[in-house]
């Protein structure tokens, strides 16, 4: 089953939920945990270091052959993103604007454009626990093509067994790409106006994509009426409530998983996974 | 010589817009025939790459010189590749004042 952990707001505990969920599940079944927060991937910090395999991620960009180019300007006119500029004696390419659509190759009447690979990131695969594969997407410094790196990380993770995807904060392209083709979304929120505000935005994305979802309320102080009310109104289940608890904060703050050191939390995260499965099967 | 000034409106009396790529209009004065025309900048509202797109537009129009308050790195590179000289103008008044300054030859080339 493919589950995304998302939130809208940053810092609500997505990685905490994703890491614990994957760890708890891995005691009984193979799990792949995918870090799709490619601008700042940090799930690996929860797991012991070990051997890993790196694969570069490339995007296709135009390569212009100056001997064939007639400086006609067709490619520059075609590019909707201003990535190509046809000057008096040369064509300039601005890689950070390129969306890899390949249209300039088709637009060029002289056949002067070929596609070349440009590196934008790395996919790292490791097996930090028995039954657990960690796939981490890392966007290169200065690169902006997070979507390409997320897509590559998801490809690398494959399609079998349980796959948990940890999304980035926000609700734009990287989150949409993470959600694409998945089966369920856990929305992690906190009972603050900010958490709820961004929960509404994230829920809107999952609904528009037709992906069933449920909410985990994190750092709950026991006064979650507004979050509960929001979930009732939008007919989404509250899957779990994680208390605002000093011990959990200390475990989390030391880079450890609460499910690793406390069997009762391991059971709770296993139950969370089973609830997601049941909701998906019933959806 | 064609001189282009990014403008907030279509008339020489309109205020200059000191953002090159995002200026809504370009006012172009041709010193050969003393004619002034204005063009809407279709790139202005784009999400990205507006500098190079605006530069491409001006290259097509045969502009020789741009007088502007600010110009981004990509736009400057693009304008130079098109053989367009860029002069910095720090005033905030109407386009015709910037044009006057450009014609007087006192501006600094970027």
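Derivation of every value follows stated rules applied to the coordinates shown; laboratory data play no part. These numbers come from a predicted model, not from an experiment. Because the Cβ atoms are built from the backbone with ideal geometry, glycine has one as well, and the counts that use them run over all protein chains shown.
Here the sum of -39500 (n - 2.57) over DSSP H runs of 4 or more residues, divided by the residues of chain A, equals -10000 deg cm²/dmol at 222 nm, to the nearest 500.
Computed from the alpha carbon atoms alone, the convex hull of segment A:32-186 holds 130 Å³ per residue.
Exposure proxy ranking for B:85, A:14, A:130, based on other Cβ atoms within 10 angstrom of each Cβ and starting from the fewest, stands as A:130, B:85, A:14. Computed over segment B:19-67, the percent of Cα pairs more than 18 Å apart is 25. According to the Kirkwood relation over distinct C-alpha pairs, the hydrodynamic radius of segment A:193-283 is 14.5 Å. Computed packing ranks the peptides A:237-245, A:51-59 as A:237-245, A:51-59, most packed first, by mean other Cβ atoms within 10 Å. The calculated 222 nm mean residue ellipticity attributable to helices in chain B amounts to -8000 deg cm²/dmol, summing -39500 (n - 2.57) over DSSP H runs of n ≥ 4 and dividing by all residues.
Measuring nothing but how far apart in sequence close Cα pairs (under 8 Å, 6+ apart) lie, relative to its length, segment B:2-109 scores a relative contact order of 29 percent. Size check on segment A:1-110: the Cα extents along the three principal axes, sorted descending, read 62, 33, 24 Å.
Listing B:29, A:44 from fewest to most neighbouring C-beta atoms within 10 Å gives A:44, B:29.
With everything on Cα atoms, drop me the angle between helix A:263-282 and the longest principal axis of chain A, reported from 0 to 90° to the nearest 10. On a 0 to 90 degree scale, this one is about 60. With the biggest extent put first, the Cα atoms of chain B measure 33, 25, 25 Å across the principal axes. Each 5 Å bin from zero holds the following percent of Cα-Cα pairs in segment A:59-119: 4, 22, 36, 26, 11, 1. Shielding value for A:87-93 is 5, the average number of Cβ atoms from other chains within 10 Å of each residue's Cβ.
Among the residues of A:74-82, the average count of other protein chain beta-carbon atoms within 10 Å of the residue beta-carbon is 5.
Tell me the angle of helix A:146-157 to the major Cα principal axis of chain A, expressed in degrees between 0 and 90 and rounded to the nearest ten. Approximately 60 degrees, to the nearest ten. Each eigenvalue of the Cα gyration tensor of the protein assembly as shown, multiplied by 5 and square-rooted, gives one semi-axis; in descending order these are 53, 25, 17 Å. Take A:115-122, A:35-42 and order them by the average number of nearby Cβ atoms within 10 Å per residue, most first; the result is A:35-42, A:115-122.
Fewest neighbouring Cβ atoms within 10 Å first, the residues B:65, A:209 line up as A:209, B:65.
Rounded to the nearest 10 degrees, the angle from helix A:14-26 to the longest Cα principal axis of chain A is 70 degrees. In percent, rounded to a whole number, the relative contact order of chain A is 28, using alpha-carbon pairs under 8 Å and six or more apart. The mean count of C-beta atoms from other chains within 10 Å of the C-beta of residues in B:71-78, rounded to a whole number, is 3.
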